[in-house]
1. Of all DSSP beta bridges located in the range C:19-145, what percent are antiparallel, nearest 5?
2. Sorted by packing (mean other beta-carbon atoms within 10 Å per residue), highest first, where do C:28-39, B:8-19, C:619-630, C:529-540 land?
3. In the neighborhood of C:Ile618, defined by Cβ-to-Cβ distances under 11 Å, what is the net charge if each Lys or Arg adds +1 and each Asp or Glu adds -1?
4. Report the far tail of the P(r) of the protein assembly as shown, meaning the percent of Cα-Cα pairs longer than 57 Å.
5. Among all the lysines, which ones have a C-alpha under 24 Å from C:Lys499's C-alpha, if same-chain residues fewer than 8 places away are not counted?
6. Nearest 0.05, what FRET efficiency do C:Ala490 and A:Glu150 give at R0 = 35 Å with Cβ-Cβ as r?
7. Of C:Cys304, B:Cys125, which has the most accessible area with a 1.4 Å probe, and how do the rest follow in descending order?
8. Probe 1.4 Å, all protein chains in place: accessible area of C:Leu10 in Å², nearest 10?
Amino acid sequence: MDISKIDQIIDKHDGEASSLIQILLDIQSEHNWLPKEALKRVSEKLQVPMSRIQHIATFYKAFSLVPKGRHQVHVCMGTACHVRGAQRVLDTVQEVTGVKSGETDSDLKFSVETVNCLGCCALGPVMEVDGKHHGNIAPSQIASVLNNCE
Amino acid sequence: MSEINLQIDGKEVVATEGMTILDAAKSVGISIPTLCHHEKLEPYGGCRICTVEVEVRGWPKLVAGCIYPVEKGLVVRTRTEKVDKIRKVLLEEMLAHAPDSEELKALAQEYGADRDRFEKHPSFCIHCGLCVRYCAEIKKKNAVGFVDRGSNREISFIPEIAAKECWDCKECFPLCPTSALQAAYVLAGALMTPPEEAHSGGCGCSCSCGSAPEKQAG
Amino acid sequence: MTRLNSPEKLECARKDIVSRIDPTKPCISVCAGAGCLASGAAEVIAAFKTELDFHGLTTEVNTKGTGCPGFCERGPIVMIYPEGICYLKVKPEDVPEIVSHTIKEKKVVDRLLYEDPATGTRALRESDIPFYKNQQRNILSENIRLDSKSMDDYLAIGGYSALSKVLFQMTPEEVMGEIKKSNLRGRGGGGFPAWRKWEESRNAPDPIKYVIVNADEGDPGAFMDRALIEGNPHSILEGLIIGAYAVGAHEGFIYVRQEYPLAVENINLAIRQASERGFVGKDILGSGFDFTVKVHMGAGAFVCGESSALMTALEGRAGEPRPKYIHTAVKGVWDHPSVLNNVETWANVPQIINKGADWFTSFGTAGSTGTKIFSLVGKITNTGLVEVPMGVTLRDIITKVGGGIPGGKKFKAVQTGGPSGGCIPEAQLDLPVDFDELTKAGSMMGSGGMIVMDEDTCMVDIARYFIDFLKDESCGKCTPCREGIRQMLAVLTRITAGKGKEGDIELLEELAESMGAALCALGKSAPNPVLSTIRYFRDEYEAHIRDKKCPALSCKEMIAFHIDPAKCKACGSCFRQCPAEAIHGGKKLIHIIDQEKCTKCGTCLDVCPSRFGAVRKISGEPVPAPVPEDKRAIA
Ligand SMILES: Cc1cc2nc3c(=O)[nH]c(=O)nc-3n(C[C@H](O)[C@H](O)[C@H](O)COP(=O)(O)O)c2cc1C
Ligand code: SF4
Ligand code: SF4
Ligand code: SF4
Ligand code: FES
Ligand code: FES
Ligand code: FES
């Protein structure tokens, strides 16, 4: 991991402790997870105790303390999607990828995650793969979408 | 400081500004149970065992006695049927985690709480936060903190800091209402495992996956 | 870009922009909101660009990506101006036809118009579509008129004139007076009058004050804030600056959830544009008033929508609520007075200033003025965003705007207010929708999520769904919420698994009472979905507990699939498609489901041809014994 990249992110936020969450979000999007060295660096530079960083990193859903897969599959479990069969979508995604929600496979291909509403409720059930939304997704279409992922 | 008149359980009480209901009650010998409150620490309001009923503009409201500031003309009731019922449920919920805590058992007796009402989740910790706050606010070491949220919330030591600081301190142990055992146990777990291996996930903290005894066992 | 340093300069700039707009010039507006993008709007826009280029029309026809008009289900939505033709569900393949027919020959492509499902008549314009016709779109209607990334578009429709008016013609007290007169109540949750918070903050002696936009939109199933901040970010910003002026704040925050990347992008862009032209920063429009604003991305936590938790998060901490015995309006972010309002609340402010409080109060009811946007989703024909005057009945929203329940199913309940709200049954459908009436019915307005449920939705399962949601979303700080939710979930899970016990309903009620002692509104209101379903659908709870039956045939552990031997025609569809290989097939043999192997996925029911309709879902009764081998042959 490149510590100078972390420093750049911290500098971008003027090294302010109040920007801690924004800094961690930037690191998360840069690395796809929060490596330990990065957190140590943030703790030193912002003068924020590690216990607080640890709380934040585990409190907010956007953060991960383990590396994520190359492809991120998000299944919406919001109310609108729930009443339109989100559970069946999730079941199918887990079956196709062999990855349980909240987990990543050993060769880091897929991470599967449930989310609470992506704001496309009118298209429910919704699945998001690498930032692209798939609305009104039927369980039978899922395999073909996911098989397109390298 | 200005004087504030209020009524607690029918008694007229004269309090001063900045006092909480708990302080005011104590001054007239009315005791309100507390678990997460500590005089030296910042107000927290986590355990809610100190819940009392107050009347605000004629409306009854449930508030935490340990943090609610006294107001002129406030009417406080510390032992209504509703308050007692709530305290009983809260105790039963906490006893599912720490069935052998002496402090909880004593309160359970008073409120008729059934220790075995809910299925046991013996994690021992009732999340009063005394250890976390004491370490942060008084010792300024931050060796222990909370991780996660909701029903997955736990306390966890930072092994690197705990290894350096805790053996000679241990001041938080006696604060723990579920007996210091738990804190000591978690701490020991964190210390016995070298920091690099303490965590399978890679964050290096001792959070659940690495050191919490009940997780290791299962 | 030069900063505009007087109201006159602003009006000049506006005139200049307007003069450059030719109202007769064809314009193709494609909704570029998150919903339509999910349905392929980006590809449609690209196709229009290529096609116009091919016809050499690039300079003669404008194209723009607009905000969400609310009918997301029928997206991508394309509007053709000046005629105002509205095409729905447009695909890139349709684009050549639209360009050659509509743009070049001024002919309408019929098949892309809205078709009334009952009469088959087609609607040419937005205003002819029943979904839109029965709305009062004071706020949402601007979305489709704007390129969401263009400040000029916002200026062209009068943007920032309210700010200019406030700064030069009104004192902060007058602004406050107008808002007070409008009786604008918060659109994000409790319906608290906006002016009260503003006044409390203004009167607080601390000179450092903040104004904040709550764009956390945590209610799963609500997306009006997304549509507003994505589609018309300048209107939110303008409202916020006006609020800052009234309150006397010089710094603001916009808290947006990171799950809305486009909203984050558009609001950041809007702030940059506004700073360049002098609507944000020092000496705004030459008035001497300074205001800066920062965007803070939420990192995924429902509880951070709660005001004190949001403020804790702004300080860079885990978003735990704090006791609010002193209002955040007096002691908020870093203990300074902080006014927090919802996106939609702020969006109303410029309109109230421009058109006056009297105009605003001409919509809605006496206690709940103005319009409200609802996100009408679930088992409803027209899903999407709906803006109606407060006080309209639920029935009107569901039948007139929403077009009723699809698939000939029967309406069962509508859930409002998200995880803090409740379910409202058929018998209450004539309830006028306003803050107070919904609360009386045991639900609440919340942010305006409206999830329609039909006979196939199990009310116990819905209660379980919300409690399960909150189990992970509660911050876990206080006992009644953390433990109360844990225990409620255990009870509801066992009821929906067919293991409910007598006394479970009473236990839920007792737990609910104890949650009244929770620290914040998340925990205090968490029992609402449970209590409201017990109140209106107690019989469903009892059926689960006593008869081990799920009347909606929805709880997986209480249902079974069965093939009616008298109806099965041995077509083999179910046999081939059952993923669990649980069906015994065979040529001309009655098909049989092996109950041991069946995973209850429901595929057989979906695929059995409707003319046979042989597969049945059953609950609360024993599965009939399979047909003996020697009786399976179909004559
Ligand atoms: C658990 C919880 C979640 C909330 N989430 C939101 C939210 O996502 N957006 C919002 O505007 N208000 C939310 N609120 C309401 C806010 O606390 C606050 O009342 C509101 O933002 C104030 O703005 P308003 O008066 O304009 O509605 C939530 C409240 C609670 C208790
Ligand atoms: S370990 Fe003990 S002191 Fe620390 S939070 Fe848990 S119960 Fe409280
Ligand atoms: S009520 Fe729930 S969300 Fe609110 S402070 Fe307590 S635990 Fe946290
Ligand atoms: S799909 Fe229906 S008709 Fe066909 S074999 Fe199965 S149960 Fe029989
Ligand atoms: S509920 Fe799934 S996108 Fe909103
Ligand atoms: S003692 Fe008051 S909340 Fe714990
Ligand atoms: S996103 Fe296009 S209509 Fe809503």
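1. Of all bridge pairs located within the range C:19-145, approximately 65 percent are antiparallel.
2. Descending packing order for the listed peptides: C:28-39, C:529-540, B:8-19, C:619-630.
3. Counting the neighbours of C:Ile618, the net charge comes to +1.
4. Numbers: 66459 of 502503 pairs.
The share of Cα pairs beyond 57 Å in the protein assembly as shown comes to 13 percent.
5. Of all the lysines, those that pass the test against C:Lys499 - Cα under 24 Å, at least 8 places apart if same chain - are B:Lys120, C:Lys471, C:Lys548, C:Lys549, C:Lys556, C:Lys597, C:Lys600, C:Lys617.
6. Calculated transfer efficiency: 0.25.
7. Largest accessible area first, the residues go B:Cys125, C:Cys304.
8. Surface open to solvent at C:Leu10 totals about 0 Å².
The values are calculated or read from the model by the stated rules, or taken from the named source; none is laboratory data. Keep in mind it's a predicted model, so treat the numbers as computed, not measured. Heads up, the Cβs are rebuilt from the backbone with ideal geometry, glycines too, and the neighbour counts pull from every protein chain shown. Quick note on the areas: whole protein, heavy atoms, side chains included, nothing else; ligands and nucleic acids left out. Shrake-Rupley method; radii C 1.70, N 1.55, O 1.52, S 1.80 Å.
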